[in-house]
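J.: What follows is a structure written as structure tokens; I'll ask about it next.
The values are calculated or read from the model by the stated rules, or taken from the named source; none is laboratory data. Everything numeric here is computed off the predicted structure, so don't read it as measured data. Virtual Cβ from ideal backbone geometry, glycine too; neighbours counted across all protein chains shown.
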Amino acid sequence: MSPFDLTQRINRRYFLERSGLGLGSAALASLLNPARVTGGETQAPRTLGTLPALHHAPKAKRVIWLLMADAPSQLDLFDHKPNLADQFDKDLPDSIRLNQRITTMTSGQARLPVAPSLFKFAQHGKSGGWFSELLRHISTIADEIAVIKSVHTDAINHDPALTFLQTGGEVPGRPSLGAWLSYGIGSPNSNLPAFVVMHSRTPKGPDPQPLFSRLWGSGFLPTTHQGVLLRSVGDPVLYLSNPAGVDSQTRRLMLDGLAELNQRRLTVKGDPEIASRIEQYEMAFRMQTSVPELVDISKEPKHVLDMYGPEVTQPGSYASNCLFARRLAERDVRFIQIVLGGWDHHTKLPENARIMAQTADQASAALIKDLKQHGLLDDTLVVWGGEFGRTVYCQGTLTKETYGRDHHPRCFTMWMAGGGIKPGTTYGQTDDFSYNIAANPVHIHDLNATILHLLGINHERLVYRTQGRDFRLTDVHGHVVRDILA
């Protein structure tokens with residue numbers, strides 16, 4: 001008899017209650033930890049997703065999203081506009097702006113002068129893609145990636161735009177893409193979460209915009225699907241280590257007792273959050289072994305570390321997080337998101353863009369090469385980009401040496417690689433000012449629909465009913481961008 005039973009009387013009612021709980025606990029234990037029920041190790045995949053089957057054959061098994069928060073400038077990285085040199089300091093034509101809304105940061109300026117990029121562009125690879133001199137490493141993978149120059153969004157300020165990119169809605173409260181994947185198809189890894197988030201240390205330059213944990217939250221989905229933050233200081237995951245004086249065996253006994261209490265409550269109330277809580281406790285126990293092994297890079301070959309750059313051994317660096325992303329992909333984590341903020345260059349863009357590119361360029365390219373060397377690129381989808389783009393006109397004072405750029409949701413550039421993407425592709429086209437889309441627009445809902453499609457999911461059928469209606473990541477929109485699919 002456990003300590004929780006001491007106040008109970010042994011009678012027929014108690015016997016029947018205990019029998020039901022015993023069967024329920026056994027079923028739950030087999031779900032959470034099959035090895036404890038079978039008495040041995042098991043390699044059987046554990047998904048815990050809700051979809052009975054994928055809607056079609058997937059090209060990708062997992063996603064690595066390299067989120068360049070604060071919006072990098074497409075004009076200075078990818079969208080080559082050589083004719084803008086003749087437009088220096090001329091007013092943006094009304095025929096281009098078309099009286100579209102702009103932010104309050106530039107709406108009060110007396111004029112909107114055109115600021116051509118100071119950086120040189122060149123074509124790279126057999127595909128001949130155009131890349132800025134700031135991207136000397138990413139340009140070496142030109143034939144591995146699909147560059148989409150015609151992405152557009154609805155929001156014009158950072159927080160709603162990031163919320164829209166992550167969740168498909170500008171108003172907080174909806175699940176993020178990683179949470180939708182955890183909910184829909186779960187994860188084949190039993191010892192790590194389905195959804196892992198890493199924040200990268202921002203290099204010297206402007207302070208990044210604030211980020212909120214709800215951006216990686218589960219919204220109205222059960223909380224077990226929310227992103228787990230992998231930290232660079234202290235324990236990789238908060239509260240993962242045992243308290244002083246508590247060994248692993250004692251922790252196991254405590255969790256067994258807690259699981260029994262929660263199982264009783266679940267039987268009475270039927271609240272799915274109780275089941276989520278039980279699963280989270282069990283996952284945390286398993287992570288006590290899996291996470292330290294994950295972050296130990298002592299056995300990584302020197303040539304691999306060198307490929308990521310000198311900051312790869314510095315915890316919290318973008319290079320370090322990219323290496324961890326490959327290690328997480330090896331362990332079949334379903335959705336991995338790395339955040340690098342600091343691209344909000346309203347002033348001194350040439351100076352600050354150099355700093356950010358130095359941080360993001362080498363490690364991003366190394367990740368693609370590393371995944372390919374490990375045979376993981378074919379079934380890993382990599383996405384790179386921010387929440388919107390940057391204006392062709394200057395914010396503040398324009399000189400020959402420097403300029404700033406405001407927010408621009410009407411067109412910006414992202415790139416994708418691996419997992420079913422057609423390599424060496426440039427898709428979409430903007431006008432001569434990189435202000436409006438000239439061909440093949442790709443909305444954020446289209447982007448997310450394409451990601452889900454590559455994972456074997458029909459975006460119109462991954463739904464969750466709450467507040468009297470069915471919700472989905474792509475709301476009531478979205479088309480798969482089939483021209484970029486292999």
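J.: Which number in (1) within 20 Å of Thr359 (Cβ to Cβ); (2) surrounded by fewer than 23 Cβ atoms within 10 Å (Cβ to Cβ) marks the one condition that Ser200 misses?
T.: The single condition Ser200 does not satisfy is (2).
J.: Report yes if Ser127 is more than 24 Å from Gln395 (Cα to Cα) and outside any loop (DSSP other than H, G, I, E, B), otherwise no.
T.: no
J.: Asp86: part of a loop (DSSP other than H, G, I, E, B) and exposed (fewer than 15 other Cβ atoms within 10 Å of the Cβ), yes or no?
T.: no
J.: Working only within segment 130-145, note down all residues that are part of a loop (DSSP other than H, G, I, E, B) and without any contact (Cβ under 8 Å) to a residue 60 or more places away in the chain.
T.: Within segment 130-145, no residue meets the criteria.
J.: For segment 94-122, give me the residue count where each residue is loosely packed, with under 14 Cβ neighbours inside 10 Å and either part of a loop (DSSP other than H, G, I, E, B) or touching a strand residue (DSSP E or B) at 6+ places or on another chain (Cβ under 6 Å) (or both).
T.: Number of matching residues: 10.
J.: Still on this structure, please answer the following. Give me the residue from segment 216-235 that is surrounded by 21 or more Cβ atoms within 10 Å (Cβ to Cβ) and more than 22 Å from Ile274 (Cβ to Cβ) and, out of that set, modelled with the highest pLDDT.
T.: Checking each candidate, the answer is Trp216.
J.: Let me ask another. So which of Ala325, Ala363 is crowded, with 24+ Cβ neighbours inside 10 Å, at pLDDT 95 or above, closer than 30 Å to Leu485 by Cβ and in contact with a Cys (Cβ under 7 Å, 6 or more places away or on another chain)?
T.: None of the other options fit; the residue is Ala363.
J.: Given the criterion of a type outside the set (Gly, Ala, Ser) and closer than 24 Å to Ala69 by Cβ, identify the matching residue among Leu398, Leu376, Leu455.
T.: Going through Leu398, Leu376, Leu455 in turn, just one is of a type outside the set (Gly, Ala, Ser) and closer than 24 Å to Ala69 by Cβ: Leu455.
J.: All but one of (1) assigned to a helix (DSSP H, G or I); (2) over 18 Å from the mean Cα position of the chain (by Cα) hold for Gly375; state the number of the condition that does not hold.
T.: (1)
J.: With Gly186, Gly169 as the choices, which residue is in contact (Cβ under 8 Å) with a residue 24 or more places away in the chain, within 19 Å of the chain's Cα centre (by Cα) and closer than 23 Å to Asp475 by Cβ?
T.: Of Gly186, Gly169, the one residue that is in contact (Cβ under 8 Å) with a residue 24 or more places away in the chain, within 19 Å of the chain's Cα centre (by Cα) and closer than 23 Å to Asp475 by Cβ is Gly169.
J.: State yes or no: is Thr399 surrounded by fewer than 23 Cβ atoms within 10 Å (Cβ to Cβ), modelled with pLDDT of 95 or more and more than 17 Å from Leu92 (Cα to Cα)?
T.: No: the conditions fail for Thr399.
J.: Kindly provide the set of residues from segment 295-343 that are outside any loop (DSSP other than H, G, I, E, B), in contact with a strand residue (DSSP E or B) (Cβ under 7 Å, 6 or more places away or on another chain) and among the β-branched types (Val, Ile, Thr), ordered by number.
T.: Of everything in segment 295-343, those that are outside any loop (DSSP other than H, G, I, E, B), in contact with a strand residue (DSSP E or B) (Cβ under 7 Å, 6 or more places away or on another chain) and among the β-branched types (Val, Ile, Thr) turn out to be Ile336, Ile338, Val339.
J.: Give just the number: which of (1) within 19 Å of His152 (Cα to Cα); (2) at pLDDT 95 or above; (3) of a type in the set (A, V, I, L, M, F, W, C) does Leu462 not satisfy?
T.: All conditions are met except number (1).
J.: Out of (1) out of contact with any Lys or Arg (no Cβ under 9 Å at 6 or more places or on another chain); (2) more than 30 Å from Leu455 (Cα to Cα); (3) assigned to a loop (DSSP other than H, G, I, E, B); (4) of a type outside the set (Ser, Thr, Tyr), the odd one out for Ala60 is which?
T.: (2)
J.: With respect to Arg36, is the statement that it is in a helix (DSSP H, G or I), basic (Lys, Arg) and at pLDDT 50 or above true?
T.: no
J.: Output the number of the condition that Lys149 fails; it satisfies all remaining conditions of (1) without any contact (Cβ under 8 Å) to a residue 24 or more places away in the chain; (2) among the basic types (Lys, Arg); (3) part of a strand (DSSP E or B).
T.: Of (1) without any contact (Cβ under 8 Å) to a residue 24 or more places away in the chain; (2) among the basic types (Lys, Arg); (3) part of a strand (DSSP E or B), only one is false for Lys149: (1).
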